[in-house]
Amino acid sequence: MKKVIVYLLILVPLNSFSQNWQIPEIKWEEKTETENNYVDLLKIKDRNSLIVKIGYSSYWIKGQNSEFIVYQNDGKVKRFVVYQPNSAELKTKIKRKGIKKKDYQYYWNHLNKIIQENDYIIDKSKLNIDEKKGEEEGTVVTKIISDGVDYSFWICQGKNYIAYGSYSPKSFIEDKFPGWEERQKLVDLINGFENLTEKY
């Protein structure tokens, strides 16, 4: 009887962990003809991994700084920091960042939360509106930012993907330009994953 009780105590937590470590169903927006190239870029063996990419680019960076979180079907989570220069003469820099096995659960829990709550669904048509009605009737205010930062967010798996991009979103959020709520959703989505990588 004692042996049965011991086995039950061991199996219950293992099962509860493994149920959370599965790639959730996602409402994909777009599909490519070929598999996403991030699998080869990061040398991922599990070609059906779910990849989350957060990227920033600007004139000053002269390329894109990105963070990748890779959710594998075996429950493992990998993380990479990548710099992709605009110039073909310069090499892409890829650095693997370690994640402790005990911290995988936090990555899976966060992914499941944003999928279940549809936090990843954003109206991309409202992410780059740079005009709004002026105070006087018939006038329009246009906002031009010359040295801003482009924010990008991707979720992809195989040939399926969702991609968002917004130029200097925080500035437009502050001035309540049309679509600022969708910009805020994007910033919150990015911040959620960045807080995760900073903590774990």
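The values are calculated or read from the model by the stated rules, or taken from the named source; none is laboratory data. Note that the coordinates shown come from a computational prediction; the quantities given were computed from them, not determined experimentally. Don't worry about glycine lacking a Cβ; one is built from the backbone with ideal geometry, like all the others, and counts go over all protein chains shown. Side chains are part of the model used for accessible areas, which takes the heavy atoms of the whole protein and leaves out ligands, DNA and RNA. Shrake-Rupley method; radii C 1.70, N 1.55, O 1.52, S 1.80 Å.
Of Lys78/Lys176; Lys95/Lys199; Lys62/Lys93, which pairs sit farther than 25 Å apart, going by alpha carbon to alpha carbon?
Violating the 25 Å Cα-Cα cut-off are Lys78/Lys176.
Roughly how much of Val141 is accessible, in Å² to the nearest 10, using a 1.4 Å probe?
Spelled out: Val141, probe radius 1.4 Å, area about 60 Å².
Tell me which aspartates and glutamates have Cα within less than 16 Å of Lys132's Cα, excluding those fewer than 8 residues away on the same chain?
Candidates past the 8-residue exclusion: Glu174, Asp175, Glu181, Glu182.
Provide the packing ranking of 24-36, 157-169, 102-114, i.e. peptides ordered by the mean count of other C-beta atoms within 10 Å per residue, highest first.
Output ranking for 24-36, 157-169, 102-114: 157-169, 102-114, 24-36.
Taking the chain as the reference, fit the longest principal axis to its C-alpha atoms, fit the long axis of helix 104-116 to the helix C-alpha atoms, and give the angle between the two in degrees, 0 to 90, nearest 10.
It works out to around 50 degrees.
Using θ = phi - 60° and the Karplus form 6.51 cos²θ - 1.76 cosθ + 1.60, what ³J(HN,Hα) does each residue of the range 138-149 get, whole Hz, x for Gly and Pro?
With coefficients 6.51, -1.76 and 1.60, one gets x, 9, 10, 9, 10, 9, 10, 10, 8, 10, x, 10 Hz.
Can you list the aspartates and glutamates whose alpha carbon sits under 13 Å from that of Lys76, skipping same-chain ones fewer than 8 residues off?
List returned: Asp46, Asp103.
What is the distance in Å between the Cα centroid of the range 156-190 and that of the range 38-62?
If you average the Cα positions of each part, the centres end up 18 Å apart.
Positive end of the charge dipole of the range 86-125 (Lys, Arg +1 and Asp, Glu -1 on Cβ, about the Cα centre): tell me which of Ile115, Ser87, Gly98 has its Cα farthest that way.
Working it through, the farthest residue towards the positive pole turns out to be Gly98.
Which value does Rg/Rh take for the chain over its C-alpha atoms, Rh per Kirkwood?
Here Rg/Rh amounts to 1.07.
Net charge near Ile121: determine it from the other residues with C-beta under 14 Å of the C-beta of Ile121, scoring Lys and Arg +1 and Asp and Glu -1.
Local net charge: -4.
Could you pull out every one of the lysines with an alpha carbon less than 21 Å from that of Lys27, ignoring same-chain neighbours closer than 8 positions?
Lys53, Lys113, Lys124, Lys126, Lys159, Lys185
Summing -39500 (n - 2.57) over the DSSP H runs of n ≥ 4 in the chain and dividing by its residue number, what mean residue ellipticity at 222 nm do you reach, to the nearest 500 deg cm²/dmol?
-9500 deg cm²/dmol
With unit charges on the beta carbon (Lys/Arg positive, Asp/Glu negative), name the residue among Phe177, Val140, Asn195 whose Cα is farthest towards the positive pole of the charge dipole of the chain.
Asn195
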